[in-house]
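Notes to accompany the following structure.
Taken together, the values in this text are just the output of simple stated rules run on the coordinates, not laboratory data. Just so you know, these numbers come straight off a predicted model, no measurement behind them.
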Amino acid sequence: MRYYDNSVPSGVGTMRLTFTTRELIMQTPWGPSQSTERIADGVFWYSTASHGGFFLSQERRRAMPEPYRSAKPFAGAGWYEEDCDWAVVVCAFPELFPADHVERAKQFWELYHAPKLAMRA
């Protein structure tokens, strides 16, 4: 996330515009974040130098419908990595994503996550 501070300091005969950028650097399971995108309240996408994925707040994780809440993310509680676990987030909150992403996520869920849950049952 980037925060911009657009300030115009006062001064006689001078006017300057100062831009200050603060990056919120989050420690992720894949290293420090290089960029962050807020998708919705409690849903963030983090990118690092080597990997990335979604982070869900506790409130969002509690709001996940079953069976998605039962999926155990590879990177640990709250972290859904970009290769496989991303589909859990997209399936759980389809209203936040484009229809083609939701369709791909559902297909991936059926091929990858659903069989894993069935084996645990």
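Provide Rg over Rh for region 32-107; use the alpha carbon set for both Rg and the Kirkwood Rh (inverse mean inverse pair distance). Numbers along the way, then the final one.
On the way: Rg = 11.6 Å, Rh = 12.4 Å.
Taking Rh as the inverse mean 1/r over Cα pairs, Rg/Rh reads 0.93.
Given contacts defined as C-alpha pairs under 8 Å and at least six residues apart, what's the relative contact order of region 36-110, whole-number percent? Present the calculation step by step, with values, prior to reporting the outcome.
Working: 99 pairs, mean separation 16.9, N = 75.
Rounded, it is 23 percent for region 36-110.
Based on the alpha-carbon gyration tensor of region 46-85, what equivalent-ellipsoid semi-axes (square roots of 5 times the eigenvalues) come out, in whole Å, largest first? If you can, show how the numbers build up before the last one.
On the way: eigenvalues 76, 23, 9 Å².
One finds semi-axes of 19, 11, 7 Å for region 46-85.
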